[in-house]
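Take a look at the structure set out below.
The values are calculated or read from the model by the stated rules, or taken from the named source; none is laboratory data. Treat the numbers as computed from the prediction; the structure is a model and nothing was measured. Glycine also receives a Cβ, built like all others from the backbone with ideal geometry; neighbour counts cover every protein chain displayed. Each accessible area value is taken on the protein alone, full model and side chains, heavy atoms only, with ligands, DNA and RNA left out. Shrake-Rupley method; radii C 1.70, N 1.55, O 1.52, S 1.80 Å.
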Amino acid sequence: MAGTAKGHHTGEEGGAGSSEVVFEPSMDKFPVHIISCILEKLDLESVCTAACVSPTFSSAAAQVFPSLSSLDLSGHYLDEETLKQVVRRVQGANSLTIDCLQLKNDTSIFNILGEHIEDLSLLKCSSLSYHILSAIRERCPNLRSLLIEFAGCEDPQLFKNKLTEMLQKLTLLEVLSIKIRVTYFDVFDVRPLELFLPKSLKKLKLQQTEGRTFVHWLDKIRDIPWFNLQSLSLVLDVISDSLLMTVVYSLPLLVELDLEDRPFMDPTALDLTNIGMQCVQSCKHLITLAIVRSSMYCPTAFTRVDNMGMFLLSEGCGRLESVKLGGFANVTDAGFSSILYSCRKLKKFEVSNSRLLSDLVFHNMRGVARSLIELRLLSCRLLTSEALEELSSLSKLEVLDTSGCRSIADPCLFVISSVTTLTKLNLAEADITDKGLALLGMGSLGITQLCIRGCKRVTDKGIERLFRAEGKIGKTLSLLDVSRMPGITDAAIFTIASAAKALTDLSLRYCFHVTDAAVKMLVDRPNHKGSLVQKLDLFECRSLSGDSIMLLMHKSSFRGLRWLGVGGTLLVDKRDNFSTICNVRPWLVVCFDGCEFGCHDGWQFH
């Protein structure tokens with residue numbers, strides 16, 4: 001780098017004609033336009049980091065920023081002033097993704113909208129009003145894709161009015177995704193879409209709406225010649241036969257269908273049956289299918305669908321590349337196997353809350369679902385380690401999630417360690433031990449995300465064996481979740497702090513034995529790696545004292561920290577101190593509630 005010079009001698013030392021050439025092995029010696037060409041290949045965060053290296057790199061980065069066509073700030077929690085400065089430097093971006101958690105008024109968004117924007121995503125608009133829709137209507141006439149998340153605290157009629165006004169102007173809109181949280185179902189009324197539905201609309205995502213109202217709306221517009229949605233995603237009160245039949249017969253060109261319901265009571269006569277599953281065959285172009293029942297409000301399931309429904313579905317859906325099924329309580333191994341054997345191009349397969357799914361589904365997997373990249377088996381309590389013995393035949397598998405499968409134990413970790421393509425692994429609530437983590441650590445896995453939340457038999461020794469083995473997990477792991485593990489103490493955190501060299505996100509929720517000493521070790525990670533930590537969850541770490549706030553008061557502590565969860569600890573009483581810290585670090589979000597990373601599950605309450 002600049003300022004470091006190294007002598008390189010040529011010829012015979014001390015002899016006649018000897019010469020000495022001095023050079024500086026620095027990238028600063030390259031012309032700015034060459035450095036700019038290199039920076040253009042990097043993502044925004046890497047370009048910003050490079051800009052801090054030297055004045056030369058800063059100049060090169062300044063040339064790159066205006067040429068960026070996309071600006072994704074979804075992983076950053078910027079205040080109004082910082083957001084304005086960032087967007088000002090990237091004026092040419094026609095695609096904007098912004099996390100609005102820190103934005104307190106509408107003007108922060110008004111100031112960055114313009115005619116050049118074609119793709120706009122506004123996430124976690126907890127403090128923004130429905131008047132944002134008016135601003136989008138006036139300032140973004142060329143918009144083709146809009147995703148927006150509201151907290152839903154205002155008058156529903158105001159939302160309908162603003163949505164109707166916006167749709168009248170956005171005649172080029174192809175993708176519309178609107179989510180409204182913490183509200184009753186009639187807050188999102190699809191009727192405003194009836195009169196001013198953009199002719200160019202291809203993808204529609206609504207959360208949440210009422211099933212019967214949507215069926216009535218779809219019946220009214222199905223005969224419009226130009227209405228040909230290719231992607232539909234809905235969160236509803238109840239998924240019924242009537243809903244599925246109306247959707248598939250009204251939208252024959254569907255490529256993606258994603259349905260989730262959240263009943264307030266156990267559905268009876270209106271519930272989904274085998275007939276509804278059979279009608280999905282009519283979607284001849286379908287490649288992505290998700291039908292999920294959530295137990296958010298009521299512990300219920302699709303009790304009127306059995307194996308026959310899955311057989312009928314699999315007969316006509318061999319083109320499917322992604323399948324997500326949740327809450328099918330009466331479907332057995334035979335039903336789920338029919339999907340795996342029929343869909344030869346399957347890349348993503350997820351089953352959740354299936355009480356009858358067992359190891360038999362995955363016996364003799366050779367030649368089946370060879371293209372599988374993601375496999376998620378959530379809260380399927382009959383599954384054991386034997387179900388994963390065929391994983392080695394899945395040569396493309398990158399994501400494995402068995403969270404909630406409590407009979408998964410150590411033997412499967414030997415098999416998992418041989419799947420060298422794996423990058424994300426979730427073993428939450430598994431019955432694994434320290435010995436199992438040792439097996440995982442010895443493998444050559446390049447895992448970037450690991451969750452062992454609720455694995456109660458794992459202790460400090462297991463964490464040490466995971467990282468001290470000869471594997472490379474310590475070099476690649478960026479996210480680690482060791483929440484709800486009573487055997488975890490400061491010793492495990494010391495190991496993590498020193499061995500997990502690429503760690504950026506760490507969750508220690510309900511680790512009751514973690515103290516101030518562990519936080520100090522994270523601050524003092526070797527080679528200044530404490531600055532790499534971006535998200536830290538300390539929820540219910542009850543052994544932390546209020547004095548641990550002093551570890552965060554120094555400017556050099558956790559310089560890269562973006563999100564900190566301190567709910568349920570004595571740090572909740574230090575709000576004034578945190579206000580001081582956040583004034584110096586306006587990009588930092590401190591959550592005093594029980595939210596997970598980034599408040600993705602509770603932002604609407606902030």
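Brief remarks follow.
- Qualifying residue in the stretch 531-542 (condition: farther than 17 Å from C451 by Cβ and hydroxyl-bearing (S, T, Y)): yes
- Filter result for S498 (farther than 22 Å from L394 by Cα, polar (S, T, N, Q) and open to solvent by less than 10 Å² (accessible area, probe 1.4 Å)): no
- Filter result (small (G, A, S), over 14 Å from T420 (Cα atoms) and part of a helix (DSSP H, G or I)) within the stretch 438-475: A438, G462, G474
- Qualifying residue in the stretch 565-584 (condition: under 23 Å from Q102 (Cβ atoms), outside any helix (DSSP H, G or I), hydrophobic (A, V, I, L, M, F, W, C) and open to solvent by less than 40 Å² (accessible area, probe 1.4 Å)): yes
- Test: residue in the stretch 132-141 that is aliphatic (A, V, I, L, M) and within 30 Å of Y249 (Cβ to Cβ): no
- Across the stretch 267-326, the qualifying residues are those that are acidic (D, E) and within 20 Å of A369 (Cβ to Cβ), and the one among them that is farthest from the chain's Cα centre (by Cα) is E315.
- Test: residue in the stretch 549-558 that is open to solvent by 60 Å² or more (accessible area, probe 1.4 Å), more than 19 Å from K475 (Cα to Cα) and modelled with pLDDT of 95 or more: no
- Candidate set from the stretch 505-523 (those that are open to solvent by less than 10 Å² (accessible area, probe 1.4 Å) and part of a strand (DSSP E or B)); member that is nearest to L538 (Cα to Cα): S507
- When restricted to residues that are in contact (Cβ under 8 Å) with a residue 24 or more places away in the chain and under 27 Å from H33 (Cβ atoms), the stretch 74-93 contains 6.
- Only listed residue being of a type in the set (G, A, S), under 21 Å from R585 (Cα atoms) and either in contact with a Cys (Cβ under 8 Å, 6 or more places away or on another chain) or in contact (Cβ under 8 Å) with a residue 12 or more places away in the chain (or both), chosen from S108, S69, S121: S108
- The stretch 411-427 - residue that is open to solvent by 10 Å² or more (accessible area, probe 1.4 Å) and at pLDDT 95 or above and, of those, farthest from G326 (Cα to Cα): T423
- Within the stretch 192-261, strands (runs of 3 or more DSSP E) holding 1 or more residues that are open to solvent by 50 Å² or more (accessible area, probe 1.4 Å): 203-207, 256-261
- Near pairs, Cβ below 8 angstrom, 6+ apart or cross-chain, from the stretch 573-588 (of a type in the set (D, E, K, R)) to any residue that is buried (at least 16 other Cβ atoms within 10 Å of the Cβ): K574/I549; R575/F592; R585/L561
- First in the stretch 44-60 and under 17 Å from H33 (Cβ atoms) and of a type in the set (S, T, N, Q), second anywhere and open to solvent by 20 Å² or more (accessible area, probe 1.4 Å) and in a loop (DSSP other than H, G, I, E, B), Cβ under 7 Å, 6 or more apart: S54/A2
- Look at the stretch 437-465: where a residue is within 16 Å of P411 (Cα to Cα) and a partner is part of a strand (DSSP E or B), sitting 6+ places away or on another chain with Cβ atoms under 9 Å, you get L440/L425; L440/L450; I452/L425; I452/N426; I452/L480; I452/D481; C455/D431; R457/D431.
- Matching residues in the stretch 136-162 - criterion: being without any contact (Cβ under 8 Å) to a residue 40 or more places away in the chain, open to solvent by 10 Å² or more (accessible area, probe 1.4 Å) and more than 25 Å from D601 (Cβ to Cβ): R137, E138, R139, P141, N142, D155, Q157, L158, K160, N161, K162
- Subset tally (residues that are touching a strand residue (DSSP E or B) at 6+ places or on another chain (Cβ under 7 Å) and not in a strand (DSSP E or B)) for the stretch 341-355: 4
- Count of the stretch 302-327 residues which are assigned to a loop (DSSP other than H, G, I, E, B) and open to solvent by 20 Å² or more (accessible area, probe 1.4 Å): 6
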